[in-house]
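K.L.:
Take a look at this one; I'll ask things after.
The values are calculated or read from the model by the stated rules, or taken from the named source; none is laboratory data. This one's a predicted model, so the numbers in the text were calculated from it and none came from an experiment. Methodologically, a virtual Cβ is constructed for each residue, glycine included, from the backbone with ideal geometry; neighbour enumeration extends over all protein chains shown. We work out accessible area using only protein heavy atoms, side chains counted, and drop any ligands, DNA or RNA first. Shrake-Rupley method; radii C 1.70, N 1.55, O 1.52, S 1.80 Å.
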Amino acid sequence: MTMQTRREFLALSAGLLALLPGCAADEPEGEVGPGAQTQPVQMRVTIPASYLAFTGNTADEAARDYADYSDGDIGTSVLEDGSLELYLTDHWYGQLRDMWEDALDKSLEALGAGDAVACVEVTDGRDGVTVTARPSFADHADTDLYQLVAACGFLQLLDPESSWQGDWAVEVALVDAETGVEVARATLPADELSCSREGWDEAVSARS
């Protein structure tokens, strides 16, 4: 079996969509504090069409999700290029950041718990993920890896000091746990991450 490409993964995985803010299962715990709804907008965040496509969503669908998630307190604007702008108060910026930090931690934990994975590293800027694993990792589409990429991407978009300016990218590297050989590398969402068990073995043989 071949490790699925991103498109094939998205067709198979409804789990990734469960990370989106509109899903009640992942809403932040606790009630909105008094006065939160009357705070002035402090930040505008652009969710590019590339991110929405990666998560299997559209700007219109995401706008409805954010409205439901915040009881209308997060303003939205669908742009002509298919991207979505969010208008956030300090309160909702903090809620979204906490939610996606939690999603990243859960994805890291779930991915690292698999028998095929030795360790997972994420760069401080959330722009790089290295998975050190055994060849069996290539035998399936790993939902947790793509959820991790989605969390990294959204945290990039939320970072006020980021240089991404409304765009995002996460470079993913797969490394063989026994030899340390890099068997695959791709920058999502521009590239596809695809590695078969045969390709994994060939890469190790060629470089070890």
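K.L.:
Can you tell which of Q95, Q37 is at pLDDT 55 or above and either of a type outside the set (V, I, T) or within 18 Å of the chain's Cα centre (by Cα) (or both)?
P.N.:
So the residue among Q95, Q37 that is at pLDDT 55 or above and either of a type outside the set (V, I, T) or within 18 Å of the chain's Cα centre (by Cα) (or both) is Q95.
K.L.:
If you scan the range 183-208, which residues turn out to be free of Cβ contacts under 8 Å to residues at least 24 places away in the same chain, of a type outside the set (A, V, I, L, M, F, W, C) and in a strand (DSSP E or B)?
P.N.:
Once the filter is applied, which keeps residues that are free of Cβ contacts under 8 Å to residues at least 24 places away in the same chain, of a type outside the set (A, V, I, L, M, F, W, C) and in a strand (DSSP E or B), the range 183-208 yields R185, T187.
K.L.:
Has the range 150-171 got at least one residue that is farther than 17 Å from I47 by Cβ, part of a helix (DSSP H, G or I) and of a type outside the set (V, I, T)?
P.N.:
So far as the range 150-171 goes, no, none of its residues is farther than 17 Å from I47 by Cβ, part of a helix (DSSP H, G or I) and of a type outside the set (V, I, T).
K.L.:
Determine which member of the set A113, A118 is open to solvent by 10 Å² or more (accessible area, probe 1.4 Å) and in contact with a strand residue (DSSP E or B) (Cβ under 6 Å, 6 or more places away or on another chain).
P.N.:
A118
K.L.:
While we're on this one: Among the residues of the range 87-116, write down those that are touching a residue at least 24 places away in the same chain (Cβ under 8 Å) and within 23 Å of A203 (Cβ to Cβ).
P.N.:
Hits for the range 87-116 are L111, G114.
K.L.:
Oh, and also: Being at positive phi and either aliphatic (A, V, I, L, M) or surrounded by 15 or more Cβ atoms within 10 Å (Cβ to Cβ) (or both), is that true of even one residue in the range 51-70?
P.N.:
yes
K.L.:
Let me ask you something else. Considering only the range 118-126, I want to know if a residue exists there that is modelled with pLDDT under 95 and farther than 24 Å from S194 by Cβ.
P.N.:
Checked against the condition, which is being modelled with pLDDT under 95 and farther than 24 Å from S194 by Cβ, the range 118-126 yields at least one hit.
K.L.:
Somewhere in the range 89-98, is a residue more than 21 Å from D159 (Cβ to Cβ) and surrounded by 17 or more Cβ atoms within 10 Å (Cβ to Cβ)?
P.N.:
no
K.L.:
Separate question: Output the residue which, of all residues in the range 133-149 that are among the small types (G, A, S) and touching a helix residue (DSSP H, G or I) at 6+ places or on another chain (Cβ under 6 Å), is farthest from A169 (Cα to Cα).
P.N.:
A138
K.L.:
While we're here: Does at least one position in the range 16-30 carry a residue that is outside any loop (DSSP other than H, G, I, E, B) and either at pLDDT 90 or above or hydroxyl-bearing (S, T, Y) (or both)?
P.N.:
no
K.L.:
Here is a follow-up. Search the range 126-143 for residues that are open to solvent by less than 10 Å² (accessible area, probe 1.4 Å) and among the β-branched types (V, I, T) and pair each with any residue that is modelled with pLDDT under 90 and in a loop (DSSP other than H, G, I, E, B) when their beta-carbon atoms are under 9 Å apart and the residues are at least 6 apart or on different chains.
P.N.:
Once the first residue is open to solvent by less than 10 Å² (accessible area, probe 1.4 Å) and among the β-branched types (V, I, T) and sits in the range 126-143, its partners that are modelled with pLDDT under 90 and in a loop (DSSP other than H, G, I, E, B) give V131/D142.
K.L.:
Do we have any residue at all in the range 174-188 that's open to solvent by 30 Å² or more (accessible area, probe 1.4 Å) and either touching a His at 6+ places or on another chain (Cβ under 9 Å) or small (G, A, S) (or both)?
P.N.:
Yes, that holds for at least one residue.
K.L.:
For the range 58-88, give me each residue that is in a strand (DSSP E or B) and farther than 20 Å from D159 by Cα.
P.N.:
Across the range 58-88, the qualifying residue is only V78.
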